[in-house]
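Colleague: Next up is a structure, given as structure tokens.
No lab work stands behind these numbers, since they all come straight from the coordinates. This structure is a prediction, so every number in the text was calculated from the model and none was measured. Ideal geometry is used to build each Cβ from the backbone, glycine not excepted, and the neighbour counts take in all protein chains shown.
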Amino acid sequence: MEYNFLCNIFILIVMPPFFVGVINRVKSIIAGRTGPPILQLYHDIFKLIKKNAVYSRSTSCIFRIVPLTSLLIVLCAGMLLPIASPSPISFQGDVILFVYLFALARFLTITAALDTASSFEGMGASREATYGALSEITIFIVLMTLVIIVKSLSLNKMLTHGQNVFVADPSVILLFLAFFFIMLTENSRMPIDDPHTHLELTMIHEVMILDYSGPDLGIILYGASIKLFVFMAFTAMIIFPCSEGPVWAGTGILFLKVLAVSIMTGLVESFTARIKLIRIPQMLIASFVLTLFALLITLFDQRML
């Protein structure tokens, strides 16, 4: 149990920035550019940690404690997943805690953005709250469908139920597609938001952290990479559940699964343009409809058995 805990913690701490580099590398290759190295985010985080932070006079202590607090919350959420081995932190109903930990991290980020008294950051906070409220409904329907399939409220049971690849199951395919779009939304990736833009009027997540600098900004970038890693791992586990076995084998399989989702994300970001803000709720409603279809198919299958 202790060995699994240490292994999962090590993976959560070390791996996430690498896959952000993979996404950027795929986008660079598609665009015909050299692009940054895969390990660029590690370098950026270490460079920011060495700098001094600058705080606005309009901010309070809330603004200063949010980066580290949000990082710890995201790490706790990641520890609920069976990453390389069954999670040592598991109980019935942890799926609900998993969702609301990310909701708490979002709430803290929005609060810090509002604490700056900046109109631009207020716009970003408003958009984040709106899209987050819509995406959480879809996440709960995805989890509800998986609960019906595996008949358990535990993430360990849900994602390590010992079944083979689910590709032939239409309900699971719909869940995968819907949750993949939710992953892009929750992490402010293209086509929802461009993480590399500098136009405040169209930014969502990036505009909320404009006032952060130095170690605080480094912690936020690091926490964002962990959140993206957790969502990509969960997305991959929907179709390819974890299998119980040696930790080294689980780590290798997890690496390949998240790498595949990272490449898929890079391809989507390379071949799609940023959609209009008024279209994002429509896309989120479409993903919600997909999950409803998956739920109905699952209920019908369960009734026929």
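Colleague: Of ILE226, PHE300, HIS196, whose Cα points farthest to the positive end of the dipole of the stretch 2-304 (charges on the beta-carbon: +1 Lys, Arg; -1 Asp, Glu; origin at the Cα centre)?
Modeller: HIS196
Colleague: Which residue, chosen from MET237, ILE30, GLY252, occupies the Cα position most advanced towards the positive end of the dipole of the chain, where the dipole is computed from +1 (Lys, Arg) and -1 (Asp, Glu) charges on Cβ about the Cα centre?
Modeller: ILE30
Colleague: Follow-up. Which order, highest average first, do 89-97, 231-239 follow once you tally other Cβ atoms within 10 Å for each residue and take the mean per peptide?
Modeller: 231-239, 89-97
Colleague: Take each of the peptides 138-145, 53-60, 66-73, average the number of other beta-carbon atoms within 10 Å over its residues, and list them starting from the highest.
Modeller: Result, highest mean first: 138-145, 66-73, 53-60.
Colleague: Considering Cα pairs under 8 angstrom that are at least six residues apart, work out the relative contact order of the stretch 2-304 and quote it in whole percent. Please report the intermediate quantities before stating the final value.
Modeller: Details: 437 pairs, mean separation 92.2, N = 303.
Relative contact order of the stretch 2-304: 30 percent.
Colleague: Place a +1 charge on the Cβ of each Lys and Arg in the stretch 2-304 and a -1 charge on the Cβ of each Asp and Glu, then give the dipole magnitude about the Cα centre in debye, rounded to the nearest 20.
Modeller: 340
Colleague: Can you give me the angle between helix 119-150 and the longest principal axis of the chain, using Cα atoms only, in degrees from 0 to 90, rounded to the nearest 10?
Modeller: The angle comes out near 10 degrees.
Colleague: What ranking of VAL268, VAL289 emerges when the number of other C-beta atoms within 10 Å of each C-beta is taken as an exposure proxy, fewest first?
Modeller: Going from sparsest to densest Cβ surroundings: VAL289, VAL268.
Colleague: For the chain, take the longest principal axis of its alpha carbons; what is the angle in degrees between that and the long axis of helix 214-239, to the nearest 10 within 0 to 90?
Modeller: 20
Colleague: Please name whichever of GLY266, ASN156, PRO170 sits farthest to the positive end of the charge dipole of the chain, dipole taken about the Cα centre and charges placed at Cβ: Lys and Arg +1, Asp and Glu -1.
Modeller: GLY266
Colleague: While we're here: Taking R0 as 45 Å, what FRET efficiency do you get between ILE148 and LEU72 from their Cβ-Cβ distance, rounded to the nearest 0.05? Please report the intermediate quantities before stating the final value.
Modeller: Details: r = 32 Å, r/R0 = 0.71.
FRET efficiency, ILE148 to LEU72: 0.90.
Colleague: How long is the gain from LEU39 to THR59 if the chain were fully straight, where each residue apart is worth 0.36 nm and the alpha carbon distance is subtracted?
Modeller: Between LEU39 and THR59, full extension yields an extra 3.9 nm.
Colleague: For ARG279 and ILE89, what does the FRET efficiency come to when R0 = 35 Å and r is the distance between their Cβ atoms, rounded to the nearest 0.05?
Modeller: On the way: r = 38 Å, r/R0 = 1.09.
My answer for the efficiency is 0.35.
Colleague: Greater than 23 Å separation of Cα atoms is the criterion. Which listed pairs, LYS27/LYS51; LYS27/LYS257; LYS47/LYS227; LYS27/LYS227, meet it?
Modeller: Exceeds cut-off: LYS27/LYS51.
Colleague: Mind checking the angle between helix 170-186 and the chain's longest principal axis? C-alpha axes, 0 to 90 degrees, to the nearest 10.
Modeller: 10
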